[in-house]
Amino acid sequence: MKIQSLVKEYPAIGRAGVTRAVDGPSLDIEPGELFFLLGPSGCGKTTLLRMIAGFIDPTAGSISFNGRDVTHTPPNKRNTGMVFQSYALWPHMTVAQNVGFGLDVRKVSGEEKARRIAEALEQVQMTGYEGRKPTQLSGGQQQRVALARALVVRPDVLLLDEPLSNLDAKLRLELRSQIRQVCKDSGLTTVYVTHDQKEALSMADRVAIMRDGRVCQVGTPRELYRRPNSRFVAAFLGEADFLQATVAEVGSGTLRLKTPGGPLVAETGGATGGTPPTTGQAVTICVRPECWRVVSADSPGSLRAKLLSTTYLGEIAQYVLELDSGQRVHAAVLNPALTPAHNPGDLVGMAVEPQDVIVLDGHETA
């Protein structure tokens with residue numbers, strides 16, 4: 001699937017001009033790929049998904065499936081399957097009737113219809129529920145039926161609009177792996193909208209991070225988490241500490257950095273801007289909480305800090321610390337039973353490996 005310079009404008013409310021809900025993203029989504037649109041509320045991800053589905057007509061740009069332009073093709077002629085946040089099941093129909101609705105529209109009947117309904121229900125582990133009504137199902141079961149209804153028509157593209165947001169946390173975890181498995185087993189090109197970072201990290205082949213109608217960065221979950229290209233992406237996709245720094249020296253494969261709390265070293269590959277940093281340049285560095293190591297206060301190459309608070313969670317301990325510069329940072333220590341106990345008020349050192357220091361553009365503040 002190819003999206004080229006897609007734009008959607010609406011009349012501005014209370015003033016002249018227009019508001020751009022989607023502002024020119026271009027995306028190439030590979031066949032069979034599970035592709036996520038991730039971003040905060042109002043960033044344009046659902047509008048983009050509905051343009052792909054054909055429910056909203058673009059102001060400009062193009063959409064194509066397998067080389068076929070569908071930019072202005074009606075929804076019923078695009079051969080897409082849609083799973084809505086609200087399930088959108090017919091309450092007066094049985095599970096089988098709901099799943100078979102798209103087949104009725106396509107004039108599929110008889111043994112072929114019955115076989116495809118049975119296959120779709122088996123894919124989502126709902127065999128045996130054919131005669132029940134939606135009101136007799138749990139939320140997770142209703143979502144499985146909605147997924148089966150989308151799969152049964154054998155779509156070219158499967159579209160999911162925050163399908164797990166109405167479910168409790170435990171059920172969301174269970175369905176994440178199931179939805180990914182179903183999509184992969186079916187070989188479906190899938191576009192999935194969510195604002196849940198963990199959902200995207202655990203399920204996606206690739207993710208597009210959106211903000212204000214634009215795509216900020218596209219990559220695998222690992223690429224986006226380990227090498228965000230901006231402070232916004234780093235902050236949105238997990239916890240992060242940001243420190244202001246100056247490049248003191250550019251070495252062979254390393255950057256020596258001067259921060260208000262002390263010196264740090266970063267790998268040259270940790271710089272995510274368009275051009276490599278130069279000596280004297282102001283930069284922002286990002287360190288994930290799990291990358292900090294809490295060491296003794298006099299450890300070479302560490303930043304000295306005072307422990308303000310600790311939260312013990314069994315498998316992990318979360319620390320809030322204050323550097324000598326006055327800035328607060330957060331550390332997450334896995335299996336804290338293996339590390340010395342620390343108490344509020346203790347002076348410690350904060351160390352980090354060079355490959356875990358992400359160097360961002362020094363001019364970006366949010």
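Relative contact order, percent, of segment 159-261 when contacts are C-alpha pairs under 8 Å separated by at least 6 residues?
Values: 93 pairs, mean separation 16.0, N = 103.
Relative contact order, segment 159-261: 16 percent.
Please rank Lys107, Lys113, fewest neighbouring Cβ atoms within 10 Å first, as an exposure proxy.
Values: Lys107 7, Lys113 18.
Result, fewest neighbours first: Lys107, Lys113.
Kyte-Doolittle mean at least -1.0 and Cα extent at least 27 Å along the axis: which DSSP H helices of the chain qualify? Before the final figure, lay out the partial values.
Working: long enough: none.
Helix filter hits for the chain: none.
By the scheme Lys and Arg +1, Asp and Glu -1, what is the net charge of all other residues having a beta-carbon under 15 Å from that of Gln197? Write out the running numbers ahead of the final one.
Numbers: positive: Lys45, Arg172, Arg176, Lys198, Arg206, Arg211, Arg222, Arg226, Arg288; negative: Glu162, Asp196, Glu199, Glu223, Glu239, Glu290.
Neighbourhood net charge equals +3.
Kirkwood hydrodynamic radius, segment 189-234, all distinct C-alpha pairs: what's the number in Å? The partial results should precede the final answer.
On the way: mean 1/r = 0.0919 Å⁻¹.
Mean inverse Cα-Cα distance, inverted, gives 10.9 Å.
Looking only at chymotrypsin sites (Phe, Trp or Tyr not before Pro) in DSSP loops with at most 16 other Cβ atoms within 10 Å, what is the longest site-free stretch of the chain?
Details: sites that count: Phe55, Phe84.
Counting only loop sites that pass the neighbour cut-off, the longest clear stretch is 85-366.
Return the equivalent ellipsoid semi-axes of segment 2-232 as a descending list in whole Å, where each equals the square root of 5 times an eigenvalue of the C-alpha gyration tensor.
Working: eigenvalues 183, 85, 56 Å².
For segment 2-232, the ellipsoid semi-axes come out as 30, 21, 17 Å.
Can you give the calculated 222 nm mean residue ellipticity of the chain, where each DSSP H run of n ≥ 4 adds -39,500 (n - 2.57) and the sum is split over every residue, rounded to the nearest 500 deg cm²/dmol? Intermediate results must be reported in sequence, preceding the final value.
Values: 9 runs with 83 residues, N = 366.
That calculation yields -6500 deg cm²/dmol at 222 nm.
Go through Val287, Pro276, Cys183 and say which Cα lies farthest out towards the positive end of the charge dipole of the chain; charges sit on Cβ, +1 for Lys and Arg, -1 for Asp and Glu.
Cys183
Once both labels are modelled 7 Å past Cα along the beta-carbon direction, what's the Leu308-Val18 spacing in nm?
The modelled label-to-label distance comes out at 4.6 nm.
Taking the Cβ-Cβ separation of Glu315 and Leu171 as r and a Förster radius of 25 Å, what is the calculated FRET efficiency to the nearest 0.05? Numbers along the way, then the final one.
On the way: r = 22 Å, r/R0 = 0.89.
Here the calculated transfer efficiency is 0.65.
What's the tally of Lys pairs in the chain whose alpha-carbon atoms lie under 28 angstrom apart, where the two lysines are 8 or more places apart or on different chains?
Lysine pairs meeting both conditions in the chain amount to 22.
Could you tell me which of rounded, prolate or oblate describes segment 65-138, using a ≥ b ≥ c as the square roots of the eigenvalues of the alpha-carbon gyration tensor, with rounded for a/c under 1.5 and, failing that, prolate when a/b is larger than b/c and oblate otherwise? Write out the running numbers ahead of the final one.
Details: a/c = 2.17, a/b = 1.63, b/c = 1.33.
In terms of gyration-tensor shape, prolate.
So if I take the centroid of the Cα atoms in segment 102-125 and the same for segment 149-190, what is the distance between those two points in Å?
Each part's Cα centre sits 18 Å from the other's.
Output the direction-averaged projected area (hull surface divided by four) of the convex hull of the alpha-carbon atoms of segment 238-361, in nm².
Working: hull surface 29.9 nm².
Mean projected area of the Cα convex hull: 7.5 nm².
Report the relative contact order of the chain, percent, no decimals, based on alpha-carbon pairs under 8 angstrom and at least 6 residues apart.
Working: 794 pairs, mean separation 56.4, N = 366.
It rounds to 15 percent for the chain.
Taken together, the values in this text are just the output of simple stated rules run on the coordinates, not laboratory data. What you see is a predicted model, and the numbers here were worked out from it, not measured in a lab. With ideal geometry, Cβ positions are generated from the backbone for all residues, glycine too; neighbour counts draw on all protein chains shown.
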